[in-house]
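Engineer: If you scroll down you'll find the structure; I have some questions about it.
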Amino acid sequence: MSLKIICLGKTRESWIQQGIDEYRKRLAPHWKIDWLELKDTSLKTAGSVSKVRQLEAQTILKAVSEQDYLIALDEKGKATDSVSFAKELTALINSRDVVFVIGGVYGLDKALLDRANRTLSFSAFTFPHQLIRVILMEQFYRAWTISTGKTYHY
């Protein structure tokens, strides 16, 4: 089964891209992770924050199939710990295609959150959507190490 990350806009900071690349390299022999950066919508073009969210949701939903298990990263989502996340993710990727969605600057539209099978929050803190990319990759690596009994987590 596959694991995919969908995010909006290009990764802008080189240090963030380096972090993503490092975790992708570590995971490459074990988990295949598809990375899809879709074009974000500018506020100037859309005219309002709600319209930006709507247009970005439409863009994202075109890249998701009905069979995909969709996990939306959202500050209002349900938090978990790394061990529980590892168990859940390992079970999911062994049985179906899993897609994680990272929203843009203004977050995710209700239509996308409604489509999601699960909403996940990494913290009560709000993180920049660019930074959460490397945090998600680190959590994938941590999940893999937990599920295989490696000592990275401890």
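Values quoted throughout were computed directly from the atomic coordinates according to the rules given, and no laboratory measurement underlies them. Just so we're clear, the structure is a prediction, and the values are computed from it rather than from any experiment. Every residue, glycine among them, receives a Cβ derived from its backbone with ideal geometry; neighbour counts consider all protein chains shown.
Engineer: Once you have a ≥ b ≥ c as the square roots of the Cα gyration tensor eigenvalues for the range 3-147, tell me rounded if a/c is under 1.5, and otherwise prolate or oblate according to whether a/b is larger than b/c.
Structural biologist: It is prolate, given that a/c is not under 1.5 and a/b is the larger ratio.
Engineer: Give me the percent relative contact order of the chain, please, defined on Cα pairs under 8 angstrom at least 6 residues apart.
Structural biologist: Taking the mean separation of contacting Cα pairs over the length of the chain, I get 34 percent.
Engineer: How big is the gap, in Å, between the Cα center of the range 94-154 and the Cα center of the range 54-72?
Structural biologist: Rounded to whole Å, the Cα centres lie 15 Å apart.
Engineer: Note the angle between two axes, namely the Cα long axis of helix 82-93 and the longest principal axis of the Cα atoms of the chain, as a number of degrees from 0 to 90, rounded to the nearest 10.
Structural biologist: Approximately 80 degrees, to the nearest 10.
Engineer: On a 19 Å Cα-Cα criterion, which of the cross-link pairs LYS62/LYS87; LYS25/LYS150; LYS4/LYS150; LYS4/LYS25 come out too long?
Structural biologist: With Cα atoms farther than 19 Å apart: LYS62/LYS87; LYS4/LYS150.
Engineer: Here is a follow-up. Between beta-carbons, use under 13 Å as the cut-off and find the net charge around LEU120, counting Lys and Arg +1, Asp and Glu -1.
Structural biologist: -1
Engineer: Give the residue list of chymotrypsin sites (Phe, Trp or Tyr not before Pro) in the range 75-138 that are DSSP loop and have at most 12 other beta-carbon atoms within 10 angstrom.
Structural biologist: Answer in residue order: PHE125.
Engineer: Here's another thing I want to ask about it. Just flag the GluC sites (Glu not before Pro) in the range 1-83 sitting in loop per DSSP whose Cβ has no more than 16 other Cβ atoms within 10 Å.
Structural biologist: Passing sites in the range 1-83 are GLU13, GLU66.
Engineer: Tell me the mean residue ellipticity at 222 nm calculated for the chain from its helices only (DSSP H runs of n ≥ 4, each -39500 (n - 2.57), averaged over every residue, nearest 500).
Structural biologist: -13000 deg cm²/dmol
Engineer: Based on other C-beta atoms within 10 Å, arrange SER82, SER14, SER147 from fewest to most.
Structural biologist: SER14, SER82, SER147
Engineer: When DSSP beta bridges are limited to those with both residues in the range 3-147, what percentage is antiparallel, rounded to the nearest 5?
Structural biologist: The antiparallel fraction comes to roughly 5 percent.
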